[in-house]
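A quick write-up on the structure given underneath.
The values are calculated or read from the model by the stated rules, or taken from the named source; none is laboratory data. Source: prediction; values computed, not measured. Please note: Cβ atoms are built from the backbone with ideal geometry, for glycine as well, and neighbour counts cover all protein chains shown.
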Amino acid sequence: MNRIEETLRGLQSDPSPSVREAASSSLDRLRAKRSVASYLNVLQTGTLEERMRVVFSAEDIGGSEGISLLLAALNDREAEVRGAAARVLAFSPTVTVLKALVERLPKEEGVVLGNLLETLGRSRRKELAPVIGKFLGHPDPEVAGKAVEAYALVAEKKEWEKILLQARSESEAVRAAAARALSEWSGGDA
């Protein structure tokens, strides 16, 4: 590891600005990777603000280390931390991440549940349509709205009728979500 850091430090003096920037970024990432254990400790014992910083640091760390921090944050005691982790995980739609998000669905409500649905929808994985579809018509209009928009990203042509039905919802939030979701439709005969 010392040779790698030594090489990167040397590259920070390279005549090329792009090489200097890449070396600096790589050094930052190496330092952050070494800090994963301390970040996990902060998720256990830190203040809300510190735990939120860990979530956003995990996004910067990236890779398997960052994902492991975000998956740990999904189990935080505060909804704010769990919700932020769910949103950041949208950028890592691996099978492991999607499975963890689906497992969290029955344990959440409100904004966190909406964020989970939104992230699952962004994956555009068609096999998630039945999972997300269960939340269409959810009693919380904000959750139902997020479900409509997420469902639009994963639904097959034959399932679009469910979105059209949401346009008649009593909830303004759900009708607005249905209107936004309809822009995802790319079929010709609906």
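The table below gives the values:
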{"read-out": "Scope the stretch 107-161; condition of a type in the set (A, V, I, L, M) and either under 20 Å from LEU74 (Cα atoms) or surrounded by fewer than 16 Cβ atoms within 10 Å (Cβ to Cβ) (or both); matching residues", "value": "VAL111, VAL112, LEU113, LEU116, LEU117, LEU120, LEU128, VAL131, ILE132, VAL143, ALA147, ALA150"}
{"read-out": "Checklist (1) aliphatic (A, V, I, L, M); (2) out of contact with any Phe, Trp or Tyr (no Cβ under 8 Å at 6 or more places or on another chain); (3) not assigned by TED's automatic domain parsing to the domain that holds ARG53 applied to ALA86, failing item", "value": "(3)"}
{"read-out": "Hits in the stretch 147-182 (condition: more than 22 Å from PRO106 (Cβ to Cβ) and among the aromatic types (Phe, Trp, Tyr))", "value": "TRP160"}
{"read-out": "Test set (1) outside the structural domain of ALA58 (by TED's automatic domain parsing); (2) within 30 Å of GLY62 (Cβ to Cβ); (3) of a type outside the set (Lys, Arg); (4) assigned to a loop (DSSP other than H, G, I, E, B) - LEU136 fails condition number", "value": "(2)"}
